[in-house]
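Contents: one structure, followed by commentary.
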Amino acid sequence: MFNSRSIALLLLAGAQLLTGHDAIAQKSRGKSKASKPVTGKASLAAYEKYIDDHNDEHLKEFMELVAIPTISSIESHKPDAARAADWIVKKMQSIGLSTAQLIPTPGNPVVFGSWDKAPGKPTVLIYAHYDVQPVKESEWSHPPFSPVIENGRILGRGASDDKSGVMMTLLATEAMLRTDGQLPVNVKFMFEGNEEVGSPYFKKFLEDNKELLKADFALNADDGQLDENNPSITVSLRGAVQLEFNVKTADMDGHSGEFGGKTPNSAVILSQIISSFYDEKGNVAVKGFYDKVVPVTPQQKEMIRKIPYDPATDMKILGTTAEAGDTSFLPLERVWYRPTLEIIGMQSGYTAAEGHSNIIPGHAMGRITCRLVNNQNGKEIVDLIIKHIDAHTPPGATITYKRSNGFASPMTFPVDTKEYRYLSEVLTEIFGKEPYQYASGGSVGAMLSVKEILGIYAYPLGFELSDENWHAANEFFRVSSLRKGQLLYCYYFKHLAEEEAKLNKH
């Protein structure tokens, strides 16, 4: 059993131990000649020792992966994504997985790996993604793809979301293979490269590889905990859909003195359209937007009441001074169970850091993300927004649209299953307290596809924390979370094997 002191132990990066996967593989092979697997609680302690003994080299590897700019929404970074995928394959090979390969998609490849040498034991399928969000380098304290460790934090784009999910699951597998020479269960990995653009090719990947991906249990490592000291299991996710629209009022920007006062201004029209999206309470004013939204249930309200939530914490994280939205709903109700229409980007006119250009912009652009709930359909929501924009476009402006390739549907996980119980028991063991049931305002569209195609729920099990600046400047991941995540997955594999063995005896 892990005690609180051992779990809290944090080893900071020290001397550089090894460079490259070949050296790591050679060193690891020399340690893997265990004549007899260790079992029971002694084995758990042995995994912990391996994790601590190899902390420095694993941190170095983690930063190697974070340093690769795998931005899936920018076409020029496809070679970087391919390089990262190849890096992960080599890491899989170095720790002794049975299979490690790239599976092509129309976007970035999926990295597949497996260890299948536990006949008769259950198979666990693990999902994570290695692609990341774009960056505004000027807002970072350090270059986003030159990761550093400061105050126990690994700073770099994707360190938390979601290269942490890739690394902690592989490193946990390595700890067990190096310590025991085997795993207590069979494990399959599928690491996606297009999650940050809505997983447009993932469903087809699942359909084409259904037999290869067959499993008894599934986990999603792209998730988090309530905070460092309080475990949680995410039981619902919002969906998401994107839309870009462009406003054209002229073929070129006009001189503001020569044409001002009689020429339509694309920036003004863009702002008028955006203003029309909302009412005075902050609700979405697009007709039909809420038609399919199911009211928050008493059970969901009770779940919210149990969460130790303080609005001031979120405001401190972001540096904001007020809350927005319809106050007839609690803050967590709005984040978890109400849909949103957010403006995520605007562009028009002269926006350079210096200078002042006296123009009437001829073009303007707005980008939207909607978070969806219950049975909302992304395509239907986009159609409603387009209809609204068309109705609010004045004479002299032409609107063109750029739709996303797909959308992520909202999803709910059942809490009365053995899959959920195993997770709860493992988190209770590691944290010393039962996990909260939690909902997420975010989206992981791939998880619904796993259920639809493979017939199993990919329950969330990750260590991202809400203050780690996902999608923002200075993203980071805690070194302590990387360690705790490895311990958690080691214990999960062992606990799952033991519990399933008990069931098979009856």
*Expressed as a whole percent, how much of the Cα-Cα distance distribution for region 342-477 exceeds 26 Å?*
49
*asked:* Taking the Cα centre as origin and putting +1 on Lys and Arg beta-carbons and -1 on Asp and Glu beta-carbons, what dipole magnitude results for region 133-280, to the nearest 20 debye?
replied: 280
*Which of the aspartates and glutamates could be linked to Lys402 by a straight reach, that is with a Cα gap under 13 Å, when you skip same-chain ones fewer than 8 residues away?*
Glu244, Asp383
_Gain upon complete extension [Lys117, Asp227; 0.36 nm per residue less C-alpha separation]_ = 36.0 nm
*With unit charges on the beta carbon (Lys/Arg positive, Asp/Glu negative), name the residue among Leu330, Asn283, Gly254 whose Cα is farthest towards the positive pole of the charge dipole of region 235-354.*
Leu330
_If amide hydrogens are placed 1.01 Å from N in the peptide plane, which non-local residues have theirs closer than 5 Å to the one on Arg153?_
Val479
*Got a sec? How would Leu65, Leu318 order by Cβ neighbour count within 10 Å, fewest to most?*
Leu318, Leu65
_Residue-by-residue Karplus 3J(HN,Hα) for region 432-449, coefficients 6.51, -1.76, 1.60, Hz, glycine and proline x_ = x, 7, 5, x, 6, 7, 10, 10, 10, x, x, 9, 9, x, 4, 5, 5, 5
*Correct option for semi-axes √(5λ) of the Cα gyration tensor in Å [calculated from the coordinates] among (i) 43, 26, 21; (ii) 51, 32, 24; (iii) 48, 21, 20*: (i)
*Which length gain, in nm to one decimal place, applies between Asp208 and Ala312 when the Cα-Cα distance is subtracted from 0.36 nm times their residue separation?*
32.8 nm
*Taking the Cα-to-Cβ direction at Glu302 and at Asp383 and moving 7 Å from each Cα, how far apart do the two end points lie in nm?*
3.8
*Compute the length gained on full extension between Asn358 and Glu64: take 0.36 nm times their separation in residues and subtract their Cα-Cα distance, giving the result in nm to one decimal.*
101.2 nm
*asked:* Can you tell me, using C-alpha contacts under 8 Å and at least 6 residues apart, the relative contact order of the chain as a whole percent?
replied: 24
*How large is the charge dipole for the chain, taken about the Cα centre, if only the Cβ atoms of Lys, Arg (+1) and Asp, Glu (-1) carry charge, to the nearest 20 debye?*
1280
*Using only the Cα atoms of region 229-372, each taken as one equal point scatterer with no solvent, compute I(q) by the Debye sum, divide by I(0), and report log10 of the ratio at q = 0.11, 0.20 Å⁻¹.*
-0.61, -1.28
*Calculate the length of the line joining the C-alpha centroid of region 46-87 to that of region 242-296, in whole Å.*
41
*Sorting Ser146, Ser256, Ser236, Ser72 on the 10 Å Cβ count, fewest up front, what's the list?*
Ser146, Ser256, Ser236, Ser72
*asked:* Can you tell me which aspartates and glutamates have their Cα less than 13 Å from the Cα of Lys204? Leave out same-chain residues fewer than eight positions away.
replied: Glu192, Glu452
_Proxy reagent accessibility, fewest Cβ within 10 Å first, across Glu323, Glu195, Glu150, Glu61_ = Glu150, Glu323, Glu61, Glu195
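Read the figures in this text as sums done on the coordinates, not as results from a lab. This one's a predicted model, so the numbers in the text were calculated from it and none came from an experiment. When we count neighbours, we look across all protein chains shown, and the Cβ atoms used for this are built from the backbone with ideal geometry, even at glycine.
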